[in-house]
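Data first, discussion second: the structure below is written as structure tokens.
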Amino acid sequence: MNLLPVADAQSRLLDSATPLSSIETVPLHEAAGRVLAHDLKARLTQPPFDASAMDGYALRRDDAGELGSVLRVIGASAAGHAFDGSVGKGEAVRIFTGAPVPAGADSVLLQEDAERFDDDMLRTTFPVRQGQHLRPRGQDFEEGETVLAKGTVMEFTRLTVAAGMNHPSLDVFRRPLVAILATGDELVAPGNTPGPAQIIASNTFGIATLAREAGAEVLDLGIVGDDRAAITAAVERARAAKADVIVTLGGASVGDHDLVQSTLLAAGMVLDFWKIAMRPGKPLMVGRLGDTHVLGLPGNPVSSLVCGLLFLEPLLRKMANLPPSSRESTAKAAVNLAPNDRRQDYVRARLIRAASGEWLAEPAAKQDSSMMKVLAQSDCLIVRPPHAPELPAGTDCPVLLLRPELPLS
């Protein structure tokens, strides 16, 4: 099988994916990051009454048209404790922020613009405008109004307005379930002492985090050795759990000890493609096992995470009804970049702010696909297309941000 260009591989994978349409109801406090399955309408009007925007005095504008107007204070209105009565000619009600404006009043005089005397009298010291410091009923939203549309991703501002609209729970799209299986006789879980030919299994944790951040739930199938029966049993666990995606880590190549691909094929997997024209991460396997997507990621940690970033993240975001991530950006090459060969290269790099204010991408000195520390210390991946010529320092180069919150402007 020839090496498949990265863009073609991504397109084939995403074209085969469909956003999940099944819906579940979750409590509002668990809805962060979820995607609305229906338009969200207000269940009430907000504010439900004309309310004061400031501490002061509710009055009739016609009674305070001139400086030095004198009015009698007949009561008070506080949040949760409305004044039971109405404001007549020459009268005012002491009012506090958020409190209902009494009937008859049409404006609010700031407390610092009033001079109190004789216990229940006040004199105005500043002109009053019609409707001043008054929040009219329904200023925010009206009952029945669609405030948030289907497909909206719920974050802190939207959760606040959903609560304000009196929704204790939300109908949201189901999250895709990702089953992750690490394979290899050489792997042991963190916290154990590796044997003479063993290493700590690390990829699961990065891939699981990437999956959750892409809107998925994760089923960790643990570590299985290079054994067909054990691999088959783990895959059956994933299918029994109705996993939408099965991700295998390592063992997807065709060496004597690489049993994942052949075992999955025997279980009925239809192989779509295998081997991508990219570095790191050439031995990527993509297929379908019934309705379940299968991604076989490389065993080397950096290769696994880079492939996860390029293939697993966009797949899951599409399935979770989320918009694509915003990782693509541009920086200046901090050094001359050598010509590239036929594989698309993803070069680990740090971002440095130049004195001019521009962002420079400085490649790490070592790019071995097993070096987790280098990736953790990097801010981005410089993307070098196949057969790219030498790129001089100071030239624009495309980058993929490892942390999308990094500003490059």
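The values are calculated or read from the model by the stated rules, or taken from the named source; none is laboratory data. All of these numbers come straight from a predicted model, not from anything done at the bench. Because the Cβ atoms are built from the backbone with ideal geometry, glycine has one as well, and the counts that use them run over all protein chains shown.
Condition check for Gly268 on (1) surrounded by 19 or more Cβ atoms within 10 Å (Cβ to Cβ); (2) among the small types (Gly, Ala, Ser); (3) in a loop (DSSP other than H, G, I, E, B): one failure, at (1). Among the residues of segment 117-135, the one identified as over 15 Å from Ser107 (Cβ atoms) and in contact with a Ser or Thr (Cβ under 8 Å, 6 or more places away or on another chain) is Arg123. Would you pick out the residues in segment 100-142 that are part of a strand (DSSP E or B) and out of contact with any Leu (no Cβ under 9 Å at 6 or more places or on another chain)? Hits for segment 100-142 are Pro100, Ala103, Leu110, Phe117, Leu134, Arg135. Looking across Asp220, Asp258, one residue alone is of a type outside the set (A, V, I, L, M, F, W, C), in contact with a strand residue (DSSP E or B) (Cβ under 6 Å, 6 or more places away or on another chain) and either in a strand (DSSP E or B) or under 23 Å from Leu4 (Cβ atoms) (or both). It is Asp220.
Counting just the residues of segment 350-409 that are among the polar types (S, T, N, Q) and within 14 Å of Arg279 (Cβ to Cβ), which one comes out modelled with the highest pLDDT? Ranking the qualifying residues of segment 350-409, first place goes to Gln367. If you check Ala17, Ala7, Ala53 for being modelled with pLDDT of 95 or more, aliphatic (A, V, I, L, M), in contact with a His (Cβ under 9 Å, 6 or more places away or on another chain) and within 30 Å of Arg384 (Cβ to Cβ), only one passes: Ala17.
Among the residues of segment 56-99, just one is of a type in the set (Lys, Arg), buried (at least 17 other Cβ atoms within 10 Å of the Cβ) and part of a loop (DSSP other than H, G, I, E, B), namely Arg60. Reported count of residues in segment 369-398, each being touching a residue at least 60 places away in the same chain (Cβ under 8 Å), out of contact with any Leu (no Cβ under 7 Å at 6 or more places or on another chain) and of a type outside the set (Gly, Ala, Ser), is 7.
Restricting Thr263, Thr330 to those that are surrounded by fewer than 23 Cβ atoms within 10 Å (Cβ to Cβ), over 27 Å from Ser22 (Cα atoms), in contact (Cβ under 8 Å) with a residue 12 or more places away in the chain and within 29 Å of the chain's Cα centre (by Cα) reduces the list to Thr330.
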